[in-house]
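Report on the following structure.
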Amino acid sequence: MLKNRVILPENRYKEIWDIYIILITLFTAIEVPLRLAFSYTTGTSIFQIEVLISISFAFDIIMNFHMAYKSGTGYITSKSKIASRYLRGWFTMDLLATIPFFLFTGVLAAEGAHSLRILRLFQLNRIIKLLGIARFTKNWERHHSLNPSMYRLIFFIIFISLAAHWIACGWMLLGGVSDFSGTLFETYTWALYWAITTLTTVGYGDVTPTTVGQQYYTMMVMIAGVGTYGYVIGNVASFLANMDLVKAGYRKKMEEITAFLNYRSVPPELQQRVHEYYEHLWESRLGHDEESVLNDIPNPLKTDLALYMRQDLIKKVPFFAEGSESLLRDLVMALRPRVYLPGAYIIRKGDMGTCMYIISTGTVEVVSEDEKKIYATLNEGTFVGEMALVLEQPRTANVRTREYCDLYILEKEDFDDVLKNHPSFAKFIRKVTNERLKEYKKRH
Ligand code: CMP
């Protein structure tokens, strides 16, 4: 994972480190405003934590000078490039967050000078580090394929909670809750209660401003509250809708179909069968329009994606599994998925053949024209309908499905191309065709 003595973004230790930095940043984002609001005398443990945080942030800066970054398809590992990028970007913020203002202002404020209270606000410098959190998590999103909506929702909840906390701390700084002398926890709870009732535009009015400063503060929070309210409602609705776009699309499609079937007064039994078909499509994961997604993507990436999506099929079909990489790539791009209902005829004897079928799931039967005799039963991983293409003659039998079948179609044109370019595959197909032809001749 270490290349040219730089760290690659997918390094596991780096991920653990990032989580640690995020946790201590969140800790300071919660603790420092509280400390300022209550002016509590900071004991040695807080002092030690502050020192530890400064050391950790400083170490993080050193790490960032050694962090390779992604550019195009590769990583930039040149140290000078990494440094200039970091210096132009997050470096200043990271440095500001690292300065241990606590060491100076903590001492000064302890002397009791009132005018120095403002200086203590410098301790909020740690919170700047929060701005940079998104850059850590971008990497995880890429490497762990997190659902982007889920991830945005988590961030959103953390951000809104922190904002309410900060607003409550600000309220206490400006004079706290009047006529109230409870414990620190109780005072804080009242302030948080005020912040949330104001932010959500509920405003019961049981906690009200008593000083001019608090009045202005309340007005600002009220205005921010209107904006936040709209933002929260809008975002929550879109999070829920986007949580699983593919499933949402499926549900919408089902609703449209049900509405259409009702409109055309289709009998319930027939409606049931249509629904069953769509359920099968969804469960077999063929429901999503694979081709329209693939067609949007440029070539070698498209082939890689098609290979991935059809890997189940590739594992099942012996001539795929044993075939060369180039055969796989040629074939996989030419295949088109189709779902057939139980008892459907996919091939009729005597028709001209335009394609062959590879069976991904399900069973098909090769039957006589009068449907009385079953010549063969073919399962997943095999193929059917190749004879008409190889021998350039009409179809030799009827073929029907026994259950729901997921088949992949290979058109004649593509079939001919693949046969021409891959002689060993052509030999294999011809061998199977000849065996089937022998049986066909025996039958007639
Ligand atoms: P085709 O002639 O194009 O259409 C009917 C298909 O049934 C045929 O190709 C073969 O793929 C398949 N078929 C015919 N006879 C047999 C058999 N004896 N065993 C397996 N498959 C067969």
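Could you tell me how far the Cα centroid of region 180-240 sits from the Cα centroid of region 398-444, in Å?
Here the answer is 71 Å between Cα centres.
In the structure shown, do any of LYS14/LYS247; LYS373/LYS431; LYS81/LYS302; LYS316/LYS412; LYS372/LYS441; LYS315/LYS442 have a Cα-Cα gap over 28 Å, and if so which?
Values: LYS14/LYS247 34 Å; LYS373/LYS431 24 Å; LYS81/LYS302 32 Å; LYS316/LYS412 22 Å; LYS372/LYS441 18 Å; LYS315/LYS442 33 Å.
LYS14/LYS247; LYS81/LYS302; LYS315/LYS442, as the Cα separations exceed 28 Å there.
List the aspartates and glutamates whose alpha-carbon lies under 18 Å from that of LYS79, not counting same-chain residues fewer than 8 positions away?
Straight-line reach from LYS79, under 18 Å: GLU10, ASP60.
Fewest to most neighbouring Cβ within 10 Å: what's the order for GLU269, GLU15? Please report the intermediate quantities before stating the final value.
Values: GLU269 7, GLU15 16.
So the residues, fewest neighbours to most, are GLU269, GLU15.
Rule-based calculations on the coordinates, nothing more; no lab input. In this text the structure is predicted, and so the values were computed from the model without any measurement. Every residue, glycine among them, receives a Cβ derived from its backbone with ideal geometry; neighbour counts consider all protein chains shown.
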